[in-house]
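Chemist: The structure follows.
The values are calculated or read from the model by the stated rules, or taken from the named source; none is laboratory data. Note that the structure is a prediction, hence the values are computed from the model and not measured. When we count neighbours, we look across all protein chains shown, and the Cβ atoms used for this are built from the backbone with ideal geometry, even at glycine.
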Amino acid sequence: MQTNIEIQGGHSQLNPAATHAIQNYYYGQQVPSVEPAAARTVVVLGAGADVAVGFPTTGSLIPKITDWLETDEGKAVDIALRKQLKGLRFRFDKFVDDAIDRLAHDLDRERDAICANLRRELDENGNLEEHQRKMGQLIIRLFQKITDVKAGASIDEETEELIREVIGIEPTEGTIIDFSHISYTKTFSDIIKHILHASLHDTENPVLRHVYTNLLDIGQLLAQYFYGFFSNRQGHIKTYLYIAWTLWAYLVHEEQALTVTAESLSQLPLYSQLQGKEQIQVITFNYTSLAAIVSPTAIYFNGNLVDYVDIENKNDLQVDNLHSLDLADFFQHRFAGELSLEGEHVAIPIPSFMPPLKLKPVISNRYITTWYRSAQVLVHAKRILILGHSLQAGDSFFNDMLRANRQAEIIVVDPDLEAACRGICTTLQQSALRYTTLHVQGHPARKYDNRIMVIGADLEKIDLGEWIE
């Protein structure tokens, strides 16, 4: 099979033709390819915006999908996908178990980062319940014992010199124990696995969230198998199709359960404040239709639930009536009729999601317009509001666009003040130590460079009126 994804060393990420007036469509709405100059305020929405109205956090997606696949609807979707993707071996439940086993037996890579995050949580979060605080202390104590044992077995400089003088040989290792052959006891492994399982099924726990961080990152999982399209590895392509379409189906399920309309959205936090504000331009990293409902010109930077792409034949496709769609029927009939992995005619429909790749392939012509529009509105913005979007772990392609505007007022709202400050300072190359402490609407905040303000608050507790009116 021949794929048509052209990356050309990264030199063609923005096609010169993108400067032409290209018409684009989002959720049935026709929008201009160049934004009006009046859109002086840009609102950037991240995962936190959807979490505020009831969608799962990014870190909890894989556990949530795994649970949903046990429902009647999830089983029907799974059966339909596997029928079309013959020979598929990937299973979400096995992936979760394997990830837990790997981390339980190979803690070195994550141990120090987990302990540092937990110590900060215990020091800074005065709202922790007693059992949450004790769980954090237990994890730190267990992990610290491993660190102490390894540190105690290392050969320091004084010991090395004594070996040379007394024995007359040159030490070739830095430790007296080969830890690659050390096995953890069953008790310790059982404790770690219990903690990991608990963290996956209690994703809102302020302590346990530091344990599963990066353990089950669905973005990285998508990126891992997306490269199969470049190498023409059929197994990777089928796995990517399964993961991406299962994620799509689960998010459609969640949106259908929320049953959001333009009328009901006025009752939801955050999004209701954006509704009807024609003077702002919305850029969203979320896939749900919420941004499009409140702002018909919303830019979906990394794709959405309505659009999908036949990447083999370069055809853009759409799903109609998303909120009334029968998921099982969609995969049993429409998807089955559009997918063709073998024979003379090959067709590979994938959701329009863009995996977090450092080098962005253009999987659809729509993205040329999308990224051009994003770059234009960001560079001309007088004010940029970043709501619930992690710049530190976010899209480097977007961050480059954000850095291009060195005059705009930038306001970041995120519940985790420290993480948000680190993210914006790293992205905009500001000193993390040069700030003024203040309070905004009763919430702690920091101001950098007289134009960047970070507010530590839940999104639903912020009044956006003073910035978007």
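Chemist: Residue 399: assigned to a helix (DSSP H, G or I) and in contact with a helix residue (DSSP H, G or I) (Cβ under 7 Å, 6 or more places away or on another chain), yes or no?
Modeler: When the stated conditions are applied, residue 399 passes them.
Chemist: Show me the strands (runs of 3 or more DSSP E) found entirely inside segment 232-351 where at least 2 residues are in contact (Cβ under 8 Å) with a residue 24 or more places away in the chain and closer than 25 Å to residue 64 by Cα.
Modeler: Fully inside segment 232-351 and qualifying: 307-310, 349-351.
Chemist: Which residue pairs have Cβ atoms under 8 Å apart, sit 6 or more places apart or on different chains, and have a first residue in segment 165-187 that is assigned by TED's automatic domain parsing to the domain that holds residue 149 and surrounded by 10 or more Cβ atoms within 10 Å (Cβ to Cβ) and a second that is assigned to a loop (DSSP other than H, G, I, E, B) and modelled with pLDDT of 75 or more?
Modeler: Matching pairs, first to second residue: 171/155; 174/155; 175/155; 176/155.
Chemist: Is there a residue in segment 415-424 that is in contact (Cβ under 8 Å) with a residue 60 or more places away in the chain and either in a loop (DSSP other than H, G, I, E, B) or crowded, with 20+ Cβ neighbours inside 10 Å (or both)?
Modeler: Checked segment 415-424: at least one residue is in contact (Cβ under 8 Å) with a residue 60 or more places away in the chain and either in a loop (DSSP other than H, G, I, E, B) or crowded, with 20+ Cβ neighbours inside 10 Å (or both).
Chemist: Further, regarding this structure: Could you list all residues from segment 119-136 that are surrounded by 13 or more Cβ atoms within 10 Å (Cβ to Cβ), in a helix (DSSP H, G or I) and out of contact with any Lys or Arg (no Cβ under 7 Å at 6 or more places or on another chain)?
Modeler: Selection gives 119, 120, 121, 132, 133, 135, 136.
Chemist: Residue check: is residue 353 within 29 Å of residue 412 (Cβ to Cβ) and of a type outside the set (Val, Ile, Thr)?
Modeler: In short, yes.
Chemist: Report every pair of residues separated by at least 6 positions or lying on different chains whose Cβ atoms are under 9 Å apart, first residue within segment 440-455 and at positive phi and outside the structural domain of residue 425 (by TED's automatic domain parsing), second surrounded by 16 or more Cβ atoms within 10 Å (Cβ to Cβ) and charged (D, E, K, R).
Modeler: Pairs found: none.
Chemist: Quickly run through segment 356-391 and pick out the residues that are farther than 17 Å from residue 411 by Cβ and outside any helix (DSSP H, G or I).
Modeler: If the condition is that a residue be farther than 17 Å from residue 411 by Cβ and outside any helix (DSSP H, G or I), then 356, 357, 358, 359, 360, 361, 362, 363, 364 are the ones that fit.
Chemist: Does residue 159 count as at pLDDT below 80 and either closer than 17 Å to residue 188 by Cα or exposed (fewer than 14 other Cβ atoms within 10 Å of the Cβ) (or both)? Talk me through it step by step, then tell me what you get.
Modeler: Values: at pLDDT below 80: no; either closer than 17 Å to residue 188 by Cα or exposed (fewer than 14 other Cβ atoms within 10 Å of the Cβ) (or both): yes.
Here the answer is no, as residue 159 does not meet what is asked.
Chemist: If you don't mind, there's one more thing I want to ask. State whether one or more residues within segment 323-332 are among the acidic types (Asp, Glu), modelled with pLDDT of 90 or more and surrounded by 15 or more Cβ atoms within 10 Å (Cβ to Cβ).
Modeler: no
Chemist: Which numbered condition trips up residue 150, out of (1) at pLDDT below 75; (2) out of contact with any strand residue (DSSP E or B) (no Cβ under 8 Å at 6 or more places or on another chain); (3) not hydroxyl-bearing (Ser, Thr, Tyr)?
Modeler: (2)
Chemist: Then there is this: Looking at (1) over 23 Å from residue 307 (Cα atoms); (2) modelled with pLDDT of 95 or more, which one does residue 246 not meet, given that it meets all the others?
Modeler: (1)
Chemist: In addition: Is it true that some residue in segment 46-63 is in a helix (DSSP H, G or I), more than 20 Å from residue 391 (Cα to Cα) and in contact (Cβ under 8 Å) with a residue 24 or more places away in the chain?
Modeler: Yes, because at least one residue in segment 46-63 is in a helix (DSSP H, G or I), more than 20 Å from residue 391 (Cα to Cα) and in contact (Cβ under 8 Å) with a residue 24 or more places away in the chain.
Chemist: Next question. Look at residue 372 and say whether it is without any contact (Cβ under 8 Å) to a residue 60 or more places away in the chain and either surrounded by 19 or more Cβ atoms within 10 Å (Cβ to Cβ) or of a type outside the set (Val, Ile, Thr) (or both). Explain how you work it out, then say what you get.
Modeler: Values: without any contact (Cβ under 8 Å) to a residue 60 or more places away in the chain: no; either surrounded by 19 or more Cβ atoms within 10 Å (Cβ to Cβ) or of a type outside the set (Val, Ile, Thr) (or both): yes.
Taking the combined requirement at face value, the residue does not satisfy it.
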